[in-house]
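Some notes on the structure that comes next.
The values are calculated or read from the model by the stated rules, or taken from the named source; none is laboratory data. All of these numbers come straight from a predicted model, not from anything done at the bench. Because the Cβ atoms are built from the backbone with ideal geometry, glycine has one as well, and the counts that use them run over all protein chains shown.
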């Protein structure tokens with residue numbers, strides 16, 4: 001017999017079997033979504049996900065640094081630029097973009113200033129620093145080396 005949660009409050013207090021507890025990361029891994037009205041988990045079909053491809057580790061930093069070569073940009077502008085230039089293949093979400101920008105700030109590769117966006121809203125504009133340009137060069141060389149190695153593997157029988 002399945003156990004149930006005890007002492008819990010909320011819509012499922014005492015009613016949800018222990019074996020049915022699903023964490024947020026499990027829901028994401030399994031492609032499950034929660035509907036707000038019914039608080040029920042639904043499985044999304046694999047074909048309906050339309051998820052963009054995963055990036056290689058460290059690639060997002062490279063792409064952001066490259067985008068900033070054009071000049072100062074705010075976060076939404078960076079994401080829109082990457083999406084546009086890649087033919088809508090690369091779709092960087094806020095949950096990935098802003099932690100990456102913060103990491104680049106902490107490393108001293110970008111600097112940020114508050115300013116007004118095109119629609120007169122307050123936005124943080126990021127610019128590439130001298131050390132960021134050096135890092136871009138280093139990361140680009142490493143990326144090209146990695147892509148070359150992957151191509152060699154794919155070309156073998």
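Quick look at the numbers
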quantity	calculated
Number of the condition not met by residue 91 [criteria: (1) assigned to a helix (DSSP H, G or I); (2) surrounded by 12 or more Cβ atoms within 10 Å (Cβ to Cβ); (3) modelled with pLDDT under 95]	(1)
Qualifying residue in the range 65-74 (condition: out of contact with any helix residue (DSSP H, G or I) (no Cβ under 8 Å at 6 or more places or on another chain), surrounded by fewer than 18 Cβ atoms within 10 Å (Cβ to Cβ) and in a helix (DSSP H, G or I))	no
